[in-house]
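Report on the structure given below.
The values are calculated or read from the model by the stated rules, or taken from the named source; none is laboratory data. Since the model is a prediction, treat every value here as computed from it, not as a measurement. With ideal geometry, Cβ positions are generated from the backbone for all residues, glycine too; neighbour counts draw on all protein chains shown.
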Amino acid sequence: MSTSEPPPWSHCAHGADPAAEPVGCRGIRVPGRTACLAHLTNAARDAYLAELTPGTDIDHRGTPFTEPLLDGLLNALRNPATGHAHLGDAQFDLATFQGDAQFASVTFQGDAQFASATFQGDARFESATFQGVAWFYATTFQDGAWFESATFQGDAWFGEATFQGSAWFDSTTFQGEARFGGATFQGGAWFGEATFHESAGFGAVTFQGNARFESTTFQGDAWFGSATFQGDARFEATTFQGDAEFGSAVFERWGSLGPLICAGRVDLSGTVFNGPATLAFATRRLECRRTRWLSTAEMRLRYVTVDFAHAVFEYPLTIAAETGPFVLPDGQALPEQALAQAPNASVRIASLRGVDAAHLVLADVDLSGCLFTGTVHLDQVRLEGDCSFDAVPPGMHWRRGRLVWFTERRTLAEEHHWRAKQPDAVPGWNVAVLSPRPAGPTQLAPVYRALRKALEDSKNEPGAADFYYGEMEMRRHDHTTTSPAERGLLHAYWMLSGYGLRALRALGWLAATMLVTLVLLMGFGLPKEDPKQEATGTVPPGGGKVTFEIKKGDLRNPTGNRFTGKRFEKALNVTFNSVVFRSSGQDLTTAGTYIEMTSRFMEPALLALAVLAVRGRIKR
């Protein structure tokens, strides 16, 4: 109800022209009287108060209360057994409390309605009990609002309320729903150790001062969507047993969210951090889609899967896994019973699509399921500690009459998704769950290239080897931008040495090549027997000088038993010399000459590939 409109009840006649519509006091008339409680004569007021007993329903909407008047009303309703006032249904809509309003330890047995009321002094509701609905919609608290240790057994509605001073809800218990949507806290908002049994709504709330939720427990869902935190926002040791949503919230100064526990999901999608932020969460799911960090920030996480799709990092942001339970300022570990069913405390990144990773640091996180395509400046990301990726399916598999196996390497989740959709996919490739159109080799090759460069720039070239392998694999399978000739060359490079990264493969081919060379030389390359030297002498007339002409006999192709020990030794000598690109000097047949030429080309190349693969794994 708007405070500018006259309330639909019988007005107090005080100050009004009896012959005209009442325009004086807005308070409702006391039953059987012509004025509100504030404007009754002393005798009439005393008579009315004498009629009241603890638990009586009262209706004083629009009434202007002074401190003595309110104290007199509450004294009339005081229960002698407890020493505290007990009210039934209490209606104070549009009422004005000119001094301090002392409702401490009062019990509202029915609904308590303070909609659009104004508290000009302190509003003291410490240890008050609201057994019905507490209605403070659009209420104005011009000074402090004290609800410490109060109990709201029904729903509590503070929507559109204005707290011009500090608001104290420490140790308050909300057993029903708590709604603060659209409220404005101009001073500090203190909810330390408060308990919300049902959902808590702080949507579109403006916290102009500090907002403190230390050790607060939210057993239902908590909604802070579109809230604005202009001061410090602190959620140390807060526990969310349901979902916690901060979607489109704005943190203009310092944001300290945590350490907190959330058994459900924390949603920061669309949230803006204008100042430095420290976030410490132990939760199952963290949504940070389109979240904006406009200053430095650090996120320390446990148990969580994080989605950073299209988030904005304009300053350095560190995302790190916390190895042990969070430690509170008093040195105690934050209890994690709410996450007892979680498989492990690792931190998993679900997506970095659309992110500018130039200022991003990832430490000890699990990237096995992360989607990278569409990430900008991925080559500048920093991977610290143990950042794990997915692996290829282990073992050997028969597919379409051929043996298929994959050497161990780190791989992207998106390569899993692409390979799983191929007709001859082997078991073990993970199928995409949320992406109906997985990225293909054309999109994945630049991703592998960027990750390779990121590790190489950090002087981790051995760690970059797997990403180089992945890049070459995507190029080999890319039928869009890679020409057939280039794919053929890449296929040979892969088959011979695993793109210069598989030393055993290159050594295996080298051994096979040497064996073939050895067999060919023994079978065809060595002549039947070593050529014998023949000497022819000519004695000129008169004697004196003799000239000898030495020449070799013809090299004859071998026949008979060619695989003898002597021939093996000669062929082995030729083969080993070919590996180091040397000529053995052994006499060979014409076929043997060509065999040696071929081996002197292939075997040193395979040896070089093996050396290159070893160097790629140990280079620093």
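Please indicate, with yes or no, whether at least one residue in segment 203-221 is small (Gly, Ala, Ser) and under 25 Å from residue 98 (Cα atoms).
Taking segment 203-221 first, the residues small (Gly, Ala, Ser) are 203-204, 209, 211, 215, 220.
Still in the running and under 25 Å from residue 98 (Cα atoms): 209.
Scanning segment 203-221 turns up at least one residue that is small (Gly, Ala, Ser) and under 25 Å from residue 98 (Cα atoms).
May I ask you to verify whether residue 464 is over 15 Å from residue 353 (Cα atoms) and aliphatic (A, V, I, L, M)?
Values: over 15 Å from residue 353 (Cα atoms): yes; aliphatic (A, V, I, L, M): yes.
Answer is yes for this residue.
Conditions tested, residue by residue: (1) touching a His at 6+ places or on another chain (Cβ under 7 Å); (2) closer than 20 Å to residue 320 by Cβ; (3) among the aliphatic types (A, V, I, L, M).
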site: 349; (1), (2), (3): no, yes, yes
site: 370; (1), (2), (3): no, yes, no
site: 423; (1), (2), (3): no, no, no
site: 443; (1), (2), (3): no, no, no
site: 447; (1), (2), (3): no, no, yes
site: 452; (1), (2), (3): no, no, no
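I need a count of the residues in segment 123-142 that are of a type outside the set (S, T, N, Q) and surrounded by fewer than 19 Cβ atoms within 10 Å (Cβ to Cβ).
So the answer is 1.
Looking at residue 419 and the list (1) part of a strand (DSSP E or B); (2) over 21 Å from the mean Cα position of the chain (by Cα), which single condition is not satisfied?
Going through (1) part of a strand (DSSP E or B); (2) over 21 Å from the mean Cα position of the chain (by Cα) one by one, residue 419 breaks only (1).
If I filter segment 429-449 for residues that are of a type outside the set (Val, Ile, Thr), touching a Leu at 6+ places or on another chain (Cβ under 6 Å) and assigned to a helix (DSSP H, G or I), do I get at least one hit?
Narrowing segment 429-449 to residues of a type outside the set (Val, Ile, Thr): 429-430, 432, 434-441, 443-446, 448-449.
Of the ones still in play, those that are also touching a Leu at 6+ places or on another chain (Cβ under 6 Å) are none.
Within segment 429-449 (the criterion being of a type outside the set (Val, Ile, Thr), touching a Leu at 6+ places or on another chain (Cβ under 6 Å) and assigned to a helix (DSSP H, G or I)), the answer is no, since none of the residues qualifies.
Looking only at segment 437-459, decide whether some residue is out of contact with any Gly (no Cβ under 7 Å at 6 or more places or on another chain), aromatic (Phe, Trp, Tyr) and either exposed (fewer than 14 other Cβ atoms within 10 Å of the Cβ) or on the phi < 0 side of the Ramachandran plot (or both). Talk me through it step by step, then tell me what you get.
Keep residues of segment 437-459 that are out of contact with any Gly (no Cβ under 7 Å at 6 or more places or on another chain), which gives 437-447, 449-454, 456-459.
Retained after the next criterion (residues that are aromatic (Phe, Trp, Tyr)): none.
Checked against the condition, which is being out of contact with any Gly (no Cβ under 7 Å at 6 or more places or on another chain), aromatic (Phe, Trp, Tyr) and either exposed (fewer than 14 other Cβ atoms within 10 Å of the Cβ) or on the phi < 0 side of the Ramachandran plot (or both), segment 437-459 yields no hits at all.
Note down all Cβ pairs under 9 Å where the first residue falls in segment 68-94 and is surrounded by 19 or more Cβ atoms within 10 Å (Cβ to Cβ), the second is among the acidic types (Asp, Glu) and in a strand (DSSP E or B), and they're at least six residues apart or on different chains.
Note: pairs meeting the criteria are 90/59; 91/59; 92/59.
Taking residue 354 and the conditions (1) touching a strand residue (DSSP E or B) at 6+ places or on another chain (Cβ under 9 Å); (2) more than 21 Å from residue 418 (Cβ to Cβ); (3) in a loop (DSSP other than H, G, I, E, B), which numbered condition does it fall short on, given that it satisfies the others?
The number of the failed condition is (2).
Among the residues of segment 196-208, are any surrounded by fewer than 22 Cβ atoms within 10 Å (Cβ to Cβ), in a loop (DSSP other than H, G, I, E, B) and out of contact with any Ser or Thr (no Cβ under 8 Å at 6 or more places or on another chain)?
Among the residues of segment 196-208, at least one is surrounded by fewer than 22 Cβ atoms within 10 Å (Cβ to Cβ), in a loop (DSSP other than H, G, I, E, B) and out of contact with any Ser or Thr (no Cβ under 8 Å at 6 or more places or on another chain), which makes the answer yes.
Kindly provide the set of residues from segment 262-294 that are buried (at least 22 other Cβ atoms within 10 Å of the Cβ) and assigned to a loop (DSSP other than H, G, I, E, B), ordered by number.
268, 271, 288, 291, listed by residue number.
Do you know which residues across segment 480-526 are of a type in the set (Val, Ile, Thr) and under 38 Å from the mean Cα position of the chain (by Cα)?
Hits for segment 480-526 are 480, 481, 482.
On the basis of being in the same structural domain as residue 315 (by TED's automatic domain parsing) and either hydroxyl-bearing (Ser, Thr, Tyr) or touching a helix residue (DSSP H, G or I) at 6+ places or on another chain (Cβ under 7 Å) (or both), does residue 407 make the cut? Lay out the reasoning, then the answer.
Numbers: in the same structural domain as residue 315 (by TED's automatic domain parsing): no; either hydroxyl-bearing (Ser, Thr, Tyr) or touching a helix residue (DSSP H, G or I) at 6+ places or on another chain (Cβ under 7 Å) (or both): yes.
Criteria not met by residue 407.
Can you name the residue in segment 336-347 that is outside any loop (DSSP other than H, G, I, E, B) and in contact (Cβ under 8 Å) with a residue 24 or more places away in the chain and, of all such residues, is nearest to residue 320 (Cα to Cα)?
So in segment 336-347, the residues outside any loop (DSSP other than H, G, I, E, B) come out as 337-339.
In the following step, the residues that additionally are in contact (Cβ under 8 Å) with a residue 24 or more places away in the chain were identified as 338-339.
Working: 338: 21, 339: 19 Å.
Selected residue: 339.
Which residue, of 399, 419, is surrounded by 18 or more Cβ atoms within 10 Å (Cβ to Cβ), in the same structural domain as residue 469 (by TED's automatic domain parsing) and under 23 Å from residue 502 (Cβ atoms)? Quick ask: steps written out before the conclusion?
On the way: 399 fails: surrounded by 18 or more Cβ atoms within 10 Å (Cβ to Cβ).
Only one candidate passes the filter, namely 419.
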